[in-house]
Amino acid sequence: MDPLSLVLGIVGGGAISAYTAVYLINKRNNASADSIVKDATQKAASILKTKEFEAKEKFFELKNQHDATVNNRNRELTDAENRFRSKEQSVNDKIANLDKKQKEAEGLKEDLVLQLDVAKVKKQEAEKIHASQVQQLEKIAGLSAEQAKNELVEALKAEAQTQALAQMKYIIDEAKLTATKDAKRMVLQTIQRTAAEQAIENTVTVFHIENDEVKGRIIGREGRNIRALEAATGIEIIVDDTPEAIILSGFDPIRREVARLSLHRLVSDGRIHPARIEEVVEKTRNDVEQEIIEIGQKTVVDLGINGLHPELIRMVGRMRYRSSYGQNLLKHSREVANLCAIMATEFGLNAKMAKRAGLLHDIGKVPDDDPETPHALLGMKLAEKFGEHPDVVNAIGAHHDEIEMNNLLSPIIQACDAISGSRPGARREDSEAYIKRLVDLEKLAVGFDGVDKAFAIQAGRELRVIVNSDMLDDKQSDLLSFDISQKIMKEMIYPGQIKVTVIRERRAVAFAK
C-alpha cells in the first residue's frame, strides 16, 4: 500500500472518531457546546498527532524493507554478472590453450613426417647394402642365398632327427628293461591280494531220494509222469539201478535246477501226476527267475557297483547257472572284477569302472538267442544297448581281441580274465589237454588239400585257415570252410562253438633288377 494513502486513511479515521465522540458527548450530557467542542478538538488533535506519528513510522519501516529488497536484488545481479564474466574468461583461456596445442600438434606431425621420410631413405640404403653383401657372399660361397638357407635347414633337421632317434631308442630300451619287471610285479601283487575258490561244475545233477519206492511214483503208470516232467523241464531224467538217486542230465544248469527243485516239491507233497507236475514246474521256474534277480542284486551290492541296468543285473544272476570248463561263470566274473579293481588302482586308473567291466566281461555267454556271435561281441552289444560307458563297452568287446582296444581299461580286463581262468584249480581242463586240443584243431585243418597254414585262436573258439590261391578259388574256399566245420563236429569234442574262417589272398610280386 502507498504510504500517503495510509496516512490519509488514518487521519480520516481519527476525524470520524472525533466527531462521533462529540456527538455522543452532546447526546449523553447537556454541557455547553464550547467546552465539549474544545475538549473534542484537543482529543482529535492528540489522536491526529499520534496517528500521524504511527503512519510515519510505518512509512519508514516499509521504505527500509523496500530498499533492502532492492539492494539484495542488485547484489545478486552483480554476483551473477561476475560469475558470467569469470566463466567467459575461463572459456577464452581454454580456447587459447587448444589453439596452442593444435599448433604444437601440427608442428609434431610435420616433424614425424620428416623423420619417416628420413627412415625410408635409410631403409632403402640398408637394403641396398644388404643386397650387395648377399651378392658378395654368394660369389664367395658359390651358392645362392636360398640354396644356403635350404642346406642349413636340412642340416639342422638331420641333426634334430638324429637326436630324437637317439632319445627315442634310449627311452624304448629303458622301457623294455623295466616293463617286464613291472608287469610281473603288478600281476603278482594282484594275484596275491585276491583269494580264489576252486569250482567244478558238471552237466548232471544227482537227486537223492529216501527209498527206491519213490522211483516208481516218479515214473508213473506207463512212464507218463517222467515223460511229463521231461517235457516240462527240458531235462533228461535217468532212473537206473543207482540206489536212492535219480540223475538229471542236461547242459542248461537253470533247467537242471528247475527240475531238481520241482522233483523235491513233488516228492515232498506226494501228489505226482502230469497236471500237478506242470503246475509245480511253472511255479518253480518263476521262483528260480526271482532267485536269479536276487543273486544279481546281491552281487552288484557286494561289489559296490551302482546304476546297473535291471536287465544286466538279471544276466549277472543267470551267470550263477553257467560254467566254462567247470569254472562257475559268476564266481569267475566276480574274481575278474576284484582283480581288475586292484590292478587299475595300481596303475592309477578308475577302479570302479574297471570292476564294472570285469563283472560284465563275459555277459555275452548268458543269452542263448544268438549262438553265432562270439560272446565278447555279443556282450559288447548288450552293454552298449543298456547304456554302459564306452570304455566298458570296448573292454568287453576287446578282451578276446575281436575288436581293437582304444583305452587302458581293455588290456587290464584281458589280463585279469587270463589270470582267473589260468590259475591252478580254476578249470577242469589242464594245460596239456588244452594245448593238445589246439594242436589237433590245426592239424585237422592242414590235412585238407590247398591249405597252407591254420591257426587256432581265442582259446580254440576260432580257426583261421589260409589257403593257396592258385589251388582254390572263392567257391572252393566257401566249400572248404563248410567241410572243415563238419569234420570238427564229427571228430572233436569241444565246448561251445568253433568259428572257421578261410582266408584266400592273391598277391602279385615282381622284382626290378
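The values are calculated or read from the model by the stated rules, or taken from the named source; none is laboratory data. The model shown is predicted, which means the values in this text are computed figures rather than measured ones. Here Cβ is always computed from backbone atoms with ideal geometry, including for glycine, and neighbour counts include all displayed protein chains. Ligands, DNA and RNA are stripped out before the accessible areas are found, and what is left, the full protein with its side chains, is counted by its heavy atoms. Shrake-Rupley method; radii C 1.70, N 1.55, O 1.52, S 1.80 Å.
What to note about this one:
- Residue check, Arg314 closer than 28 Å to Pro253 by Cα, modelled with pLDDT under 85, basic (Lys, Arg) and surrounded by fewer than 23 Cβ atoms within 10 Å (Cβ to Cβ): no
- Checked against (1) of a type in the set (A, V, I, L, M); (2) more than 22 Å from Arg322 (Cα to Cα); (3) assigned to a helix (DSSP H, G or I); (4) modelled with pLDDT under 85, Ile254 passes all but a single condition, namely (2).
- Any chance Leu114 is surrounded by 10 or more Cβ atoms within 10 Å (Cβ to Cβ) and modelled with pLDDT of 80 or more: yes
- Number of the condition not met by Asn407 [criteria: (1) crowded, with 16+ Cβ neighbours inside 10 Å; (2) in a helix (DSSP H, G or I)]: (2)
- Verdict on Asn350 being under 23 Å from the mean Cα position of the chain (by Cα), polar (S, T, N, Q) and under 13 Å from Ile413 (Cα atoms): yes
- Enumeration of residues in the stretch 298-322 that are part of a helix (DSSP H, G or I), in contact with a helix residue (DSSP H, G or I) (Cβ under 6 Å, 6 or more places away or on another chain) and of a type outside the set (Val, Ile, Thr): Leu303, Arg314, Met315, Gly317, Arg318, Met319, Arg320, Tyr321
- Being at pLDDT 85 or above, acidic (Asp, Glu), over 23 Å from Gln497 (Cβ atoms) and out of contact with any Pro (no Cβ under 9 Å at 6 or more places or on another chain) is a condition met by no residue of the stretch 345-360.
- Conditions (1) open to solvent by less than 70 Å² (accessible area, probe 1.4 Å); (2) aliphatic (A, V, I, L, M); (3) assigned to a helix (DSSP H, G or I); number of the one not met by Leu479: (1)
- Residue in the stretch 376-392 that is of a type outside the set (S, T, N, Q), within 25 Å of Gly460 (Cα to Cα), open to solvent by 20 Å² or more (accessible area, probe 1.4 Å) and part of a loop (DSSP other than H, G, I, E, B) present: no
- Remark: Glu151 matches the filter, which requires a residue to be open to solvent by 90 Å² or more (accessible area, probe 1.4 Å) and either under 60 Å from the mean Cα position of the chain (by Cα) or not aromatic (Phe, Trp, Tyr) (or both).
- All conditions in (1) more than 24 Å from the chain's Cα centre (by Cα); (2) within 26 Å of Arg255 (Cα to Cα); (3) open to solvent by less than 20 Å² (accessible area, probe 1.4 Å) hold for Leu339, with the sole exception of (2).
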